[in-house]
1. May I ask you to verify whether V201 is near the ligand (Cβ under 10 Å from one of its atoms), β-branched (V, I, T) and assigned to a helix (DSSP H, G or I)?
2. Based on what the data block shows, is K164 among the basic types (K, R) and assigned to a helix (DSSP H, G or I)?
3. Can you pull out every residue in the stretch 230-256 that is assigned to a helix (DSSP H, G or I) and either within 11 Å of the ligand (Cβ to nearest atom) or surrounded by 15 or more Cβ atoms within 10 Å (Cβ to Cβ) (or both)?
4. Can you confirm whether A257 is over 26 Å from V165 (Cα atoms) and touching a residue at least 24 places away in the same chain (Cβ under 8 Å)?
5. For T276, only one of the following conditions fails: (1) more than 10 Å from the ligand (Cβ to nearest atom); (2) part of a helix (DSSP H, G or I). What is its number?
6. In this structure, does L52 turn out to be surrounded by 18 or more Cβ atoms within 10 Å (Cβ to Cβ) and over 27 Å from N273 (Cα atoms)?
7. Inside the stretch 53-78, can you point out the residues that are under 16 Å from V146 (Cα atoms) and either more than 17 Å from the chain's Cα centre (by Cα) or hydrophobic (A, V, I, L, M, F, W, C) (or both)?
8. Out of the residues in the stretch 95-112 that are within 12 Å of the ligand (Cβ to nearest atom) and surrounded by fewer than 20 Cβ atoms within 10 Å (Cβ to Cβ), state the one that is farthest from V42 (Cα to Cα).
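Just so it is clear, none of the values below were taken in a lab; they were calculated from the coordinates. This structure is a prediction, so every number in the text was calculated from the model and none was measured. Reconstructed Cβ throughout: ideal geometry from the backbone, glycine too, with neighbour counts over all protein chains shown.
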Amino acid sequence: MPTARSRRGDRSAAWWSMSPARPGREPPGGGKNALMDPKNAVALVTGGASGLGAATARRLAGAGARVLVVDIDEERGRALAGELGGAFARADVSDGASLGAAVDQAAALGPLRIAVACAGVGWVARTVDKTGAPHDLAVFQKVVGVNLVGTFNLLRLAASAMAKVEPHETGERGVVVQTASVAAYEGQIGQIAYAASKGGVVGMTVPAARDLAPIGVRVMTIAPGLFDTPLLGLLPAAAREALGASVVFPRRLGDPAEYAALVEHIVRNPYLNGETVRLDGALRMQPK
Ligand SMILES: NC(=O)c1ccc[n+]([C@@H]2O[C@H](COP(=O)([O-])OP(=O)(O)OC[C@H]3O[C@@H](n4cnc5c(N)ncnc54)[C@H](O)[C@@H]3O)[C@@H](O)[C@H]2O)c1
């Protein structure tokens, strides 16, 4: 007489053993649920000349993707693209025409299936400073313009290009990975503009995934904690060490390669969609 537990076990065993005969139910990794492979795909990475974007460009190129590095830093962007056997486009993510030309360039290289938004800027200023002066409005608009509007600009243009590529047999055409920050949840004193811009990126994640489901494009967001990139490299070593020690475990700054590894996993895992993943070693930022 089977117990409740063994009956449950039977059911799950049956699910897998029956699945090859049932369309769309094969275990991940083969058949109709085959993972999306960067090989033979074009990947566009904004902010690809430096830090998290450069690590992502390297990782995806290593996985066989044809990479288009997009950045306003032409010298470093071209150098990396040359090293990876990829291509470079100089574009400001907050500008429709300039990023549109870059997306067209990517689509001309082959099927554009991967777009990663890493371009971003930071700024430190309080809403009202110690002298009583209000935050500079143009600075707030600039930070939101690059980090939030720039990310949306990539999302809309890349997804529109992806809508024209042949779908895999699962119906999936591509994936867009956005970059927020833990500041979206715990913005520190002076991070009002940055936190607003990153909160907007988190907020776009679910509606973007819903909007783009009919064309088979997934949308995921990564919220990094503290990563060792040129952004933090400007700080003295002692300050960087102190920041690293504030991380719960592992007690260090994140390695850009760890961010890039998550991007590759998101690309390959077809069931990740509409979610923001914190990548932060359990860090919770304090007010300052
Ligand atoms: N490093 C961290 O600890 C950390 C933490 C959380 C979030 N982030 C986010 O990750 C992303 C990448 O940061 P990073 O640390 O690699 O920084 P980074 O400064 O090393 O790289 C950012 C790149 O974006 C480019 N860029 C800036 N403005 C642009 C524009 N308007 N158009 C096109 N390119 C532009 C820069 O030229 C640079 O190459 C940013 O969005 C940042 O906010 C970083």
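1. Details: near the ligand (Cβ under 10 Å from one of its atoms): yes; β-branched (V, I, T): yes; assigned to a helix (DSSP H, G or I): yes.
Yes; evaluated as a whole, the condition is true for this residue.
2. On the way: among the basic types (K, R): yes; assigned to a helix (DSSP H, G or I): no.
When the stated conditions are applied, K164 does not pass them.
3. Scanning the stretch 230-256 gives P230, L231, L232, G233, R240, L243, G244, P256.
4. Numbers: over 26 Å from V165 (Cα atoms): yes; touching a residue at least 24 places away in the same chain (Cβ under 8 Å): yes.
Against the criterion (over 26 Å from V165 (Cα atoms) and touching a residue at least 24 places away in the same chain (Cβ under 8 Å)), A257 qualifies.
5. All conditions are met except number (2).
6. Details: surrounded by 18 or more Cβ atoms within 10 Å (Cβ to Cβ): yes; over 27 Å from N273 (Cα atoms): no.
When the stated conditions are applied, L52 does not pass them.
7. Our first condition is that a residue be under 16 Å from V146 (Cα atoms); within the stretch 53-78, this holds for 53, 70-73.
Once the filter is applied, which keeps residues that are under 16 Å from V146 (Cα atoms) and either more than 17 Å from the chain's Cα centre (by Cα) or hydrophobic (A, V, I, L, M, F, W, C) (or both), the stretch 53-78 yields V70, I72, D73.
8. Within the stretch 95-112, the subset within 12 Å of the ligand (Cβ to nearest atom) is 95, 98-99, 102.
If we keep only those that are surrounded by fewer than 20 Cβ atoms within 10 Å (Cβ to Cβ) too, we end up with 95, 98.
Values: D95: 22, S98: 19 Å.
Here the residue is D95.
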